[in-house]
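Reading through the structure tokens given below for one structure.
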Amino acid sequence: MESAQINQTVSPRETAINQLPGDFFDGSDTNDGLTFNNDRLMGRPTRIQRESQPMDATTDIHNFIRIYLALFFTFVAVFYSLRILYRMRHDGQVVVFSGQRFSATWWNHFAFRWFRIFIWAICVFRAIEPGVDRYLGMIGPLQHNWLILSGAVCLTLGFGLALAGHFSLGMDWRSGIDRISPSRLRVTGLYRHSRNPAFLGVALAQFGFFLALPSSFSAVCLVVGVLTLYRQALSEEQHLETIFNSQYRDYRRKVRRWI
């Protein structure tokens with residue numbers, strides 16, 4: 001009888017285990033043939049919770065970047081549209097010059113304009129319907145939080161640099177080549193370090209877009225964008241040399257095209 005009573009005695013630990021809800025037993029630990037989650041017992045995150053936390057953080061970052069890209073490119077489109085309209089109505093100036101139809105500069109403007117529209121449309125659409133990503137050729141090895149966030153930073157800094165380059169030109173700012181402009185050669189400020197700071201900013205932003213949305217789509221946009229910028233820079237430098245002659249050639253010897 002005493003032996004039976006001893007065998008029926010339940011230890012405090014077993015009593016605690018028996019009183020725990022069923023979700024404590026999740027297959028993460030095994031003790032005496034009994035699956036038991038010690039982390040939950042001690043008030044620590046369980047294995048399942050620890051594994052889900054990085055995934056939750058990644059999802060939050062991807063969702064943030066998804067919305068940020070849509071807002072960013074919408075802002076850029078609205079900003080430049082309003083600025084061009086303001087210059088036309090307030091100053092009475094045409095500031096967009098694509099060049100003769102089917103010329104090199106015309107093709108540069110055509111490619112850049114339509115790729116910007118396409119990028120904006122894709123970013124807005126994927127903010128509404130994330131499933132569109134499967135059609136963009138996402139590059140898995142580049143899907144790291146720090147890379148994606150770095151891309152957003154580069155995108156923003158590049159846009160800031162492009163704006164600084166444009167505003168430093170003042171009333172001489174043009175999109176394309178105006179045959180009777182600019183009125184003077186800018187060689188100070190940002191133009192003391194780069195002959196094309198605005199284009200450099202756009203290239204940095206394009207690279208940032210690729211990192212923020214690492215995909216075949218953004219890679220094509222990056223290649224087309226950089227080639228277009230390079231071709232346009234060559235055309236504009238030839239135009240400046242025609243206007244300023246030796247003054248521009250001296251400036252070109254002192255300052256690099258990019259940085």
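The values are calculated or read from the model by the stated rules, or taken from the named source; none is laboratory data. All of these numbers come straight from a predicted model, not from anything done at the bench. Don't worry about glycine lacking a Cβ; one is built from the backbone with ideal geometry, like all the others, and counts go over all protein chains shown. For accessibility, only protein heavy atoms count, side chains too; no ligands or nucleic acids. Shrake-Rupley method; radii C 1.70, N 1.55, O 1.52, S 1.80 Å.
Between V224 and F64, the modelled label-to-label distance comes to 3.0 nm, taking each label 7 Å out from Cα in the direction of the beta carbon.
Calculated on C-alpha atoms, the gyration radius of the range 86-154 divided by its Kirkwood radius gives an Rg/Rh of 1.15.
Spin-label model, L147 to L85: label points 7 Å out along the Cα-to-beta-carbon direction sit 4.0 nm apart.
Note on the range 82-131 and the range 133-183: Cα centroid distance 13 Å, given to the nearest whole angstrom. Using a probe of 1.4 Å on the protein chains alone, the accessible area found for V124 is around 40 Å².
Largest accessible area first, the listed residues L85, L155, L227, L240 line up as L227, L85, L240, L155 when surface is computed with a 1.4 Å probe on the assembled protein chains. Fully extending the segment from F97 to A111 would add 3.6 nm, taking 0.36 nm per residue of separation and subtracting the current Cα-Cα distance.
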